[in-house]
Amino acid sequence: MRIKSSEITPEQVFRQRRRMIALGIGSLAIPAVHYAFAADNSAADVSAMPQASIDQDNQATGLTPTKLDIINSYNNYYEFGFSKTAPSEAPKTLITSPWSVQIGGEGADNPGTYDIADIHGEHDIENHIYRFRCVEAWSMVIPWNGVALAKVIQAAKPNSSAKYVRFETLHDEQQMPNANWAGGPYIEGLTMAEAMHPLSLLATGIYDQPLEQQTGAPIRLVVPWKYGFKYAKSIVRIDLVEEMPRNTWWRQNPREYGFYANVNPAFDHPRWSQATERVIGKFGRQDTLLFNGYADEVAHLYPDLHDRRYFF
Ligand code: MTE
C-alpha cells in the first residue's frame, strides 16, 4: 500500500515542474576545511529569484524549498573536494548507471543485490519536503524523492541480530578525485528503530530530478532530524548488524562527533553554537529547532533528552 507522505508530515507532491532558472549564487563558499567542519557564522547571503510558485505549492508545510540551483551547488562531498563548490565543479566522473546496492549483514535473512531500478520498481516513490540542517550551522529545505528506508530493510527480512544499520558509500579512486580523504569508504549508521522510522528515506531525486553527482547520486540516506553528515551519499552497501557501526566522522574526530548526531540547539558543538543556523539562499539566520523540527515524530526514540550522547 502506498504511504501518503501527508500521513507522515504535512506536505504536497509537486504538481508543477519548476522553472529551472539559471542562477548565479555569488560567493556562498566558505574556506576549504580538511578533516574538520567549520561553523558557518555569516550573517546573510543574497538570492534574488522569486519564490512565488514554490511558496504556493508548499503552503501546507510552511517550508519554502531552497532553489534547486543552490541545493546542487553548495555541497559537502569530500570525495570530490573539500570546499562547498568543489563537488559541483568537479568533472562528472561518477558512473551512476548501472548501480547496485548490496543488502546484507548478519541481521538479514534475505540478503541480496539490487539495481536502482529494482528498488524503484518494488517500492513506491515518496515525496517529502524536509528541513536539512548541517552540523556547520547552515540549513536548507529540500524536496526529496525516494523510497522509505523501512521498506528496503523489511525486504531483507531482519532477524534478531539486526540492531543497527550500516551504510557504506562508493570508494573509487578512478571516479572520485579525493576518494581517500577518510582512508576508506564513507560509513554511516542508524539504530534499527531510526532506520525503520517513516521519516527515513533512501533518496534518489530532488525536485523530481535525479540526484546529481554532488548531491549523492544515485542513492543517498536522508534522516531529517539528524545533522547532515548522517546523510551518506552514493550508497553501495547496506548491512543489518549487531554492533553499533563506527561512522566516519566519529572515527575522524571522536571528541566532536558521535553516532546519533540528532539536532539540538541546546547542545553546542565544542567549537561553535548550534542555537541558530544560516539559511542558505535567504537573508539572515533562524533559530534551530529540537530534532530539527521533528520532535513530535522522533523524541520517543531517545529515552533521555538531556543525554548529550544523543546530540553530537
Ligand atoms: N557522503 C559522502 N560519501 N561523503 C561526504 O563527504 N558529506 C556529508 C553528507 N554525506 C558526505 C556525505 C555531509 S558533512 C553533509 S552536510 C551532507 O552530505 C551534505 O549534503 P548536500 O551536499 O547534498 O547538502
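Show me the ranking of peptides 287-297, 204-214 by mean Cβ neighbours inside 10 Å, starting with the highest.
Per-residue mean Cβ counts within 10 Å order the peptides as 204-214, 287-297.
Find the centroid of the Cα atoms in region 234-312 and in region 56-126, then give the distance between the two in whole Å.
20
The numbers here are math on the coordinates, done by the rules we state, and not lab data. Small disclaimer: the values here were computed from a predicted structure and weren't measured. Note that we place each Cβ from the backbone using ideal geometry, even for glycine, and neighbour counts take in every protein chain shown.
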